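A short worksheet on the structure shown next.
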Amino acid sequence: MKILVAGWDSGGGVEAVQTVVRRTVARGHDVRVLGTEGLRSRFESTGAVFRPYKYAPDNDLRRPETDLVKDWEARNPLSLWVRVRDRLLIGPAREFCRDVLEELQRETADVVVVDTMIPSARLGAEVAGVPTIIVMHSAYMVPRAEVPPLGTGLLPASGRLGRLRDRSAAAVALAAFRQGGPALNQARAEFGLAPLRDALDLMGTADRILVCSSPCFDFAPGSGALAK
C-alpha cells in the first residue's frame, strides 16, 4: 500500500506520528512523509521517504524564533485558540492543500495520513479523491459540551453549575473555531471543493480519526465520569 503522511512539528506529538510511520514501514508499506525541514532526520530514521513542504509555513519548535504559533504571547486561552486557528488549523489551508495535492499528482497514494494539528492538509487528498486518516496524538481535541476544555486539567462536572461551565467553555471555543469557516470555504472554492456547512467538518469528514491516548486520559461519551 502507498501511504502519504502530512507531518508537522507538534512537539511531543511527533513521536506518535513517528511510531505510526515506523510500524507501517516495518509492515512493508511504501510510506512518504511531507514535513518541515527540521523533521527530515526523524522521519528518514523510520525508513520512510521524506519530502519537504514547498508552500506550507515553516515551524521548528527547537527555537522560539522559529515557533509558528508562539503560544506564550497569547494573553488568555481564547486568544491562544484564535492564534492556533489563524496560524495553523485554518489560516494556511490553501498552502497545505497545494503541497499535498501536488505530491499526490506527482505520485498517487492509497491513503493520506494527516497530523491533527494541520487538518487542512486533508483538502489536498479530498481534491485528489484519496481517503484520509487523522492522527490525533492526544486526548480527543474537538471541544464537546459535556467535557471540560482540553488543557484545563478539570474533571467532568457533576453539578448544574459545573455542567454549565463545561457547556459554556465548549460553546466559546467552538464559536471561535467556526469564525474561520469563511476563510476555509474560500480556500476550498479555489480548489473546486464544495463549502462546508460547519468548520468542524474539516476534521469530522475524515474517513477515520485515530486517537493516540489511553482511555484513562480521555472522557468518552457515556463513561462513568460523565454519567454522574
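The values are calculated or read from the model by the stated rules, or taken from the named source; none is laboratory data. These figures come from a predicted structure and were not determined experimentally. Here the Cβ is made from the backbone with ideal geometry for all residues, glycine too, and neighbour counts use every protein chain on show.
Exactly one residue out of M203, M141 is without any contact (Cβ under 8 Å) to a residue 60 or more places away in the chain, in contact with a Ser or Thr (Cβ under 8 Å, 6 or more places away or on another chain) and surrounded by 13 or more Cβ atoms within 10 Å (Cβ to Cβ): that is M141. Residue count for segment 162-173 satisfying the condition of being surrounded by fewer than 18 Cβ atoms within 10 Å (Cβ to Cβ) and either in contact with a helix residue (DSSP H, G or I) (Cβ under 7 Å, 6 or more places away or on another chain) or within 16 Å of L88 (Cα to Cα) (or both): 1. Of everything in segment 77-100 that is of a type in the set (A, V, I, L, M, F, W, C) and farther than 20 Å from V135 by Cβ, the residue that is surrounded by the fewest Cβ atoms within 10 Å (Cβ to Cβ) is L78. Could you please let me know if V211 is touching a strand residue (DSSP E or B) at 6+ places or on another chain (Cβ under 9 Å) and of a type in the set (A, V, I, L, M, F, W, C)? For V211, the condition - touching a strand residue (DSSP E or B) at 6+ places or on another chain (Cβ under 9 Å) and of a type in the set (A, V, I, L, M, F, W, C) - is met. You will find that of T108, T19, T24, T66, the residue that is out of contact with any Ser or Thr (no Cβ under 6 Å at 6 or more places or on another chain), crowded, with 19+ Cβ neighbours inside 10 Å and among the hydroxyl-bearing types (S, T, Y) is T24 and no other. Scoring E103 on the criteria (1) in contact (Cβ under 8 Å) with a residue 40 or more places away in the chain; (2) in contact with a helix residue (DSSP H, G or I) (Cβ under 7 Å, 6 or more places away or on another chain); (3) surrounded by 16 or more Cβ atoms within 10 Å (Cβ to Cβ) leaves a single failure, condition (2).
Within segment 69-103, the residues that satisfy the criterion of being closer than 15 Å to V114 by Cα and β-branched (V, I, T) are I90, V100.
Cβ-Cβ distances below 7 Å connect the following pairs, each with a first residue in segment 10-26 that is touching a residue at least 24 places away in the same chain (Cβ under 8 Å) and under 16 Å from M141 (Cβ atoms), a second residue that is among the aliphatic types (A, V, I, L, M) and assigned to a loop (DSSP other than H, G, I, E, B), and a separation of six or more residues or different chains: S10/M117; G11/L61; G13/M117. Please enumerate the residues belonging to segment 126-165 that are among the charged types (D, E, K, R) and either modelled with pLDDT under 75 or farther than 30 Å from L4 by Cα (or both). Passing the criteria: R144, E146, R160, R163, R165.
Pairing residues of segment 110-122 that are more than 7 Å from I133 (Cβ to Cβ) with residues that are surrounded by fewer than 24 Cβ atoms within 10 Å (Cβ to Cβ) and among the basic types (K, R), at Cβ distances under 6 Å and at least 6 apart in sequence or on separate chains, gives D110/K2.
Of all residues in segment 118-131, those that are surrounded by fewer than 24 Cβ atoms within 10 Å (Cβ to Cβ) and on the phi < 0 side of the Ramachandran plot total 5.
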